[in-house]
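Asks: Pasting a structure below so you can have a look.
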Amino acid sequence: MNKKAMSLALAGLLMLGGCQSKPKEPELTRYSNMALDAGFDTVMTLTGFTEKEEQFNQYFAEMKQLFLHYNALFDVYNDYDGLNNIKTINDNAGIEPVSVDPEIIELLKTAKEFYDLSNGEFDVTMGAVLKIWHTYREEGIALNNEGQLGKVPPLAELESAKACTGWDKVEIDEIAGTVYLNQGCASLDVGGIAKGFAAGKVQQKLIEAGLVHGTVDAGGNICTINDKPGGQQWRVGIRNPSGNGSLAVVTLPGSAAFVSSGDYERFYGAEDGKLYHHIIDPQTLFPATYYHQVTIVTENSGYADALSTALFTMSYDDGLALIDRFRQTYPDQPIEVMWVMDPDQVPSGVNSVMSGEYAVVMTDSMKDYLAQ
């Protein structure tokens, strides 16, 4: 073949290649389903884009099974046949070490990291104190439903329980796979991190199973899996503490985590005329009163849950210091925060915006997440 013929043949091949169309993107449909019986005393919702509904249903079934698994592992109130969980550890306090699932040890190690990072504000060893509040709160809610007011636990009772807290009471043996509470009155309560930790695990396991576009909503603890098809970002409403719609809407890029802690859940009215919610300040041993809500946007859902709990019990300045320490410790984890408070609670010199009856304060880049 002469050079001219070769050139013509090559040009023909190039033209043929240029005419070939790219592989067609699969057509994806949006599906969503919720479970009322997947644990953590909340509604679990999966939203996903898949080619077929059967695929989505498989992801949904896996999500539900995973949440039930983590609910059983981290439960402090109930026993499960053949399973050692947080309650098993508490029941054996001062008696013997308990062999546990590696993910319990992973959770506790993460909790200890945030205990240190927050200078003790985030403390899962507060179980003895939280157990008292749980009893009074359940009784108070029942009384409120009957038109009566609940009681407030005496400070002396709470201070006595505080003596049973502290990480010096917790012995973790990673080699043996055991956890031991070395004082009989010691008790763990992982409620401030367990749901976020579990949601993050579910997010990762669904990604490994093949889900490319979706969201996992664990009662407001939201994990996104990539953007929507076509690159559109997910939009999430920040709950208005008064219960009237959303306070704001944020957009979450890629795979991210969104967690809010607020005083509008699990509260009761007491005889002293005050409302008592479930987020207890480890310093005062009473529900924290700085804010109505704290929202975290970051990548790790367990971290977000721990931080939202810790920041809720800290002053604004102390909270900023915690955020700085977090950024230094986890430089690969972007974090932005929104605080919602009464207008008279805004620190002097701090910029805020009004949203209804509330003042909103944000870290600088949190504004970039707000939907226009």
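The values are calculated or read from the model by the stated rules, or taken from the named source; none is laboratory data. No experiment lies behind these values; they were computed from the predicted model shown. Because the Cβ atoms are built from the backbone with ideal geometry, glycine has one as well, and the counts that use them run over all protein chains shown. When the accessible area is computed, the model is the full protein with side chains, heavy atoms only, and any ligands, DNA or RNA have been set aside. Shrake-Rupley method; radii C 1.70, N 1.55, O 1.52, S 1.80 Å.
Asks: Nearest 20 debye, what's the magnitude of the dipole of region 174-333 about its Cα centre given +1 on Lys and Arg Cβ and -1 on Asp and Glu Cβ?
Replies: On the way: 10 positive and 16 negative charges, 90 e Å.
With Lys and Arg at +1 and Asp and Glu at -1, about 440 debye.
Asks: Would you give the gap between the C-alpha center of region 294-372 and the C-alpha center of region 112-127, rounded to a whole Å?
Replies: About 18 Å separates the Cα centre of region 294-372 from the one of region 112-127.
Asks: For the chain, give the magnitude of the charge dipole about the Cα centre (Cβ charges: +1 Lys/Arg, -1 Asp/Glu; no others), in debye to the nearest 20.
Replies: Details: 26 positive and 50 negative charges, 368 e Å.
Computed about the Cα centre, the dipole is about 1760 debye.
Asks: Around Y31, under 11 Å between beta carbons, what's the net of Lys plus Arg minus Asp minus Glu among the other residues? Spell out each step's value before the answer.
Replies: Values: positive: R30, K52; negative: E51, E53, E54.
It works out to a net charge of -1.
Asks: Determine which aspartates and glutamates satisfy two conditions relative to K367: a Cα distance under 14 Å, and not lying fewer than 8 residues away in the same chain.
Replies: The qualifying aspartates and glutamates are E336.
Asks: Which of the chymotrypsin sites (Phe, Trp or Tyr not before Pro) found in region 307-363 are in a DSSP loop and have at most 10 neighbouring Cβ atoms, other than their own, within 10 Å?
Replies: none
Asks: Let me ask something additional. Give K109/K205; K87/K195; K109/K151 a once-over and call out the pairs whose C-alpha atoms are over 24 Å from each other.
Replies: Working: K109/K205 21 Å; K87/K195 16 Å; K109/K151 35 Å.
Over 24 Å Cα-Cα: K109/K151.
Asks: Sticking with this structure for a sec: Which of these values of percent of Cα pairs over 35 Å apart was calculated from the structure shown: (1) 32; (2) 37; (3) 23?
Replies: Correct label is (1).
Asks: Where in the chain lies the longest segment free of GluC sites (Glu not before Pro) that are both loop residues by DSSP (not H, G, I, E, B) and have at most 16 other Cβ atoms within 10 Å?
Replies: The segment 52-145 is the longest one with no such site.
Asks: Per residue of region 105-122, what does 6.51 cos²θ - 1.76 cosθ + 1.60 with θ = phi - 60° give for ³J(HN,Hα)? Whole Hz please, x for Gly and Pro, Karplus curve as stated.
Replies: Coupling constants for region 105-122: 5, 4, 4, 5, 5, 5, 4, 5, 4, 7, 4, 5, 5, 9, 6, x, 6, 9 Hz.
Asks: Can you tell which of I225, A142, Y290 lies farthest toward the positive end of the dipole of the chain, using +1 and -1 charges on the Cβ of basic and acidic side chains (Lys, Arg; Asp, Glu)?
Replies: After comparing all options, I get I225.
Asks: Next question. Show S255, S187 ordered by accessible area, largest first, where the area counts protein heavy atoms only and the probe is 1.4 Å.
Replies: The ranking, largest first, comes out as S255, S187.
Asks: Further question on the same structure: Work from the charge dipole of the chain (Cβ charges, +1 for Lys and Arg, -1 for Asp and Glu, about the Cα centre) and give the residue of T45, V346, Q55 farthest towards its positive end.
Replies: Farthest along the dipole direction, towards plus: Q55.
Asks: Relative contact order, percent, of the chain when contacts are C-alpha pairs under 8 Å separated by at least 6 residues?
Replies: Details: 678 pairs, mean separation 53.6, N = 372.
Averaging sequence separation for qualifying contacts and normalising by length gives 14 percent for the chain.
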